[in-house]
Amino acid sequence: QVQLVESGGGLVQPGGSLRLSCAASVSMFSLYVMGWYRQAQGKQRELVARISTGIKPIYSDSVKDQFTISRDNAKNTVYLQMNDLKPGDTAVYYCSAALGANYWGQGTQVTVSS
């Protein structure tokens, strides 16, 4: 059974930074396509970034040059470094792992507000 546990969310002022982490309890973690999605209140869940081992990450246009996704296969962990945060980045952020089936974490709230 795949378990994904996100951490690192919270309240931050506009212009601030946060780093989200997602620890995966899986074997052969390096084979999984890992992703971060977000869902703002009243909106659909959307892709933020996705990373596969050895392949250039993919970012949504809305976060390109602002967020950075990375992974540490030795630690079974994927990260999302978020810089210059804006109120529009406020959402619940979900980690995903895909290898055939798709798995989701429970989500972590990110609130950008002064």
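Here are the numbers for the structure shown:
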item	result
Dipole magnitude of the chain, debye to nearest 20 (Cβ charges: Lys/Arg +1, Asp/Glu -1, about Cα centre)	120
Karplus-derived HN-Hα couplings along region 24-35 (A = 6.51, B = -1.76, C = 1.60, θ = phi - 60°), whole Hz, x at Gly and Pro	10, 9, 9, 8, 6, 3, 4, 7, 7, 7, 9, x
Farthest positive-ward along the chain dipole, Cα basis, beta-carbon charges - from 16, 105, 92	105
Normalised alpha carbon radius of gyration of the chain [divisor 2.2 N^0.38 Å]	1.00
Relative contact order computed over the chain (Cα-Cα under 8 Å; 6+ residues apart), in percent	37
Residue 102-residue 45 pseudo-label distance in nm [points 7 Å out on the Cα-to-Cβ vector]	0.7
Projected-area mean, region 28-72, by convex hull of Cα positions, square nanometres	3.7
Distance from region 2-27 to region 79-114 (C-alpha centre basis), Å	7
Per-residue HN-Hα couplings for region 5-12 [Karplus 6.51, -1.76, 1.60; θ = phi - 60°; Hz; x = Gly/Pro]	10, 8, 8, x, x, x, 9, 9
Selected from 62, 21, 70 as most flexible by GNM, with the chain as the system and alpha-carbon contacts under 10 Å	62
Whole-percent carbon and sulfur share, accessible surface of the chain, 1.4 Å	49
Cα→Cβ-extended label distance, 7 Å offset, between residue 65 and residue 52, nm	2.7
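The values are calculated or read from the model by the stated rules, or taken from the named source; none is laboratory data. Model, not experiment: these values are computed from the prediction. Note that each Cβ is placed from the backbone with ideal geometry, even for glycine, and that neighbours are counted across all protein chains shown. Protein only, heavy atoms only, side chains kept; ligands, DNA and RNA dropped before computing areas. Shrake-Rupley method; radii C 1.70, N 1.55, O 1.52, S 1.80 Å.
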